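Below is one structure, written out as structure tokens; the observations come after it.
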Amino acid sequence: MAMANSDDAALELVTFTIIIDDIVFPDGRTSMACLGGGGPQTAFGAQLWFSNGERVGLASGVGADFPESCKDWLETTGVDTGGLIVWPFATLRAWQVLEEDGRRVEVWRVPVGEEVWGMLRPEMNVLPPLYQKAKTYHAGVHPSGLDIPFLRAMRNSGAEVVSVEVYTHAEEVVPRSDLQALVSTGHIFSPNEREAASLVGPGPPLEMIERLSELGAEIVVLRRGDQGCIVHRSDSKETWDVPAFHTVVFGGGKKKGKSKVQNFSLEGMDVKDAIDPTGCGNTFCGGFLAGWYKTRNLLTAALWGSVSASFMLEYEGIPPPRVSEWRGPAQLRLELLQPLAKQIFF
């Protein structure tokens, strides 16, 4: 049974997966019952740039115990919840233990079995009709052949853009046929550096991007944490290196201080310290997908993704649901980053 929230307006973007995160920070502090799993973060990243009535839907299996605070966040943010399917199991919930060196350990807090796959990413044919014909999709998938049928279902829906993110590194070699399908079934393929290395072997960023492109990826978005991102179009070879916002502003440090950007005022941007990297990759992907869908401009998409991630980084868990208030500051952050992007000639 789906939560009744959809109307007949088309959905510009559908994203997947909810896990309730109980976050443990390196200093022992905790932040409990945070919306996680990637879907809410992706939705937030896209909503930051959707200001003309575009609609974002979230699809996932949840239990009857789904926290009211999480429902309230989704509704206040304007995310359509018609794709939340109530399952006869507990809502997926996990400890997220963060270490000083950036490592994260996930420990399930609820029993998980085979049903976990259907809850993380419900099959297209069980979703409401509007969710089956969205204009764009973004999904985090397993780095193997496991989710390839799901990816093909999204691509075959007629969507304009399908964005794919692997949610962890591959622990064993992925057969070449599965690897080709994994990176090429969507229009956008976005791993971080560790994930990319686990799929195509370690190497400098541009070498890994080239290997992914040779496997059939149309657009490669290599996320590099505090080093920003490198984005690449396989057809035209257009490539950009975009720095991370907080690295630009604070010179790589995590604490607030004097801006490292000369001749640029931070007034009006309300820049906060880098607090919690959890979900920043998902948020980046939401902003990138929104940018590519609306502009078909590779640099614009990379900038939108980078700005979206910069807001997520400033909060424990997911930011408060006041997306409309951040659109002005987002434009200022965009103006700061744009001249600092560097084109790379492949």
Looking at (1) in contact with a Gly (Cβ under 7 Å, 6 or more places away or on another chain); (2) without any contact (Cβ under 8 Å) to a residue 60 or more places away in the chain; (3) not in a helix (DSSP H, G or I); (4) not acidic (D, E), can you tell me which one M119 breaks?
-> (3)
Per the filter on the stretch 184-209, residues within 17 Å of V242 (Cβ to Cβ), aliphatic (A, V, I, L, M) and surrounded by fewer than 21 Cβ atoms within 10 Å (Cβ to Cβ) are L206
Checking T91 against (1) under 20 Å from A43 (Cβ atoms); (2) not in a loop (DSSP other than H, G, I, E, B), which test does it fail?
-> (2)
Answer from P88, P128 - the residue that is over 19 Å from C34 (Cα atoms) and either in contact with an Asp or Glu (Cβ under 7 Å, 6 or more places away or on another chain) or at pLDDT 95 or above (or both) | P128
Got a sec? Which of G61, G53 is at pLDDT below 95 and within 20 Å of H138 (Cβ to Cβ)?
-> G53
Only one of these conditions is not met by T81: (1) in contact with an Asp or Glu (Cβ under 8 Å, 6 or more places away or on another chain); (2) buried (at least 24 other Cβ atoms within 10 Å of the Cβ). Which number is it?
-> (2)
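Yes or no, residue by residue, for (1) out of contact with any strand residue (DSSP E or B) (no Cβ under 6 Å at 6 or more places or on another chain); (2) not β-branched (V, I, T):
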position: I23; (1), (2): no, no
position: G38; (1), (2): no, yes
position: E68; (1), (2): yes, yes
position: D72; (1), (2): yes, yes
position: L98; (1), (2): no, yes
position: V105; (1), (2): no, no
Has the stretch 186-198 got at least one residue that is out of contact with any strand residue (DSSP E or B) (no Cβ under 9 Å at 6 or more places or on another chain) and part of a loop (DSSP other than H, G, I, E, B)?
-> no
Does E165 meet the test of being in a loop (DSSP other than H, G, I, E, B) and on the phi < 0 side of the Ramachandran plot?
-> no
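Conditions tested, residue by residue: (1) crowded, with 16+ Cβ neighbours inside 10 Å; (2) touching a helix residue (DSSP H, G or I) at 6+ places or on another chain (Cβ under 7 Å); (3) among the charged types (D, E, K, R).
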{"residue": "N156", "(1), (2), (3)": "no, no, no"}
{"residue": "V162", "(1), (2), (3)": "yes, yes, no"}
{"residue": "Y167", "(1), (2), (3)": "yes, no, no"}
{"residue": "L182", "(1), (2), (3)": "yes, yes, no"}
Say whether the condition of being within 22 Å of I230 (Cα to Cα) and touching a strand residue (DSSP E or B) at 6+ places or on another chain (Cβ under 9 Å) is met by at least one residue in the stretch 120-131.
-> no
For helices (runs of 4 or more DSSP H) lying entirely in the stretch 244-346, having 3 or more residues that are in contact with a strand residue (DSSP E or B) (Cβ under 6 Å, 6 or more places away or on another chain) and either at pLDDT 90 or above or among the aromatic types (F, W, Y) (or both) picks out 280-295, 298-312
Tell me, yes or no, whether the stretch 42-62 has at least one residue that is farther than 16 Å from M312 by Cβ, in a loop (DSSP other than H, G, I, E, B), out of contact with any strand residue (DSSP E or B) (no Cβ under 9 Å at 6 or more places or on another chain) and of a type in the set (S, T, N, Q).
-> yes
Among the residues of the stretch 123-145, count how many are touching a helix residue (DSSP H, G or I) at 6+ places or on another chain (Cβ under 8 Å) and either under 26 Å from A170 (Cβ atoms) or in a loop (DSSP other than H, G, I, E, B) (or both).
-> 12
Would you check if there is a residue in the stretch 84-93 being touching a residue at least 60 places away in the same chain (Cβ under 8 Å) and more than 14 Å from I20 (Cβ to Cβ)?
-> yes
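Table: residues versus (1) touching a residue at least 60 places away in the same chain (Cβ under 8 Å); (2) polar (S, T, N, Q); (3) closer than 23 Å to Q41 by Cα.
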{"position": "H142", "(1), (2), (3)": "no, no, yes"}
{"position": "R155", "(1), (2), (3)": "no, no, yes"}
{"position": "A159", "(1), (2), (3)": "no, no, yes"}
{"position": "E165", "(1), (2), (3)": "yes, no, yes"}
{"position": "P175", "(1), (2), (3)": "no, no, no"}
{"position": "S190", "(1), (2), (3)": "yes, yes, yes"}
{"position": "E195", "(1), (2), (3)": "no, no, yes"}
{"position": "L199", "(1), (2), (3)": "no, no, no"}
{"position": "P204", "(1), (2), (3)": "no, no, no"}
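The values are calculated or read from the model by the stated rules, or taken from the named source; none is laboratory data. Predicted model only: the values in this text are computed from it and were never measured. Neighbour counts run over all protein chains shown; Cβ positions are idealised from the backbone, glycine included.
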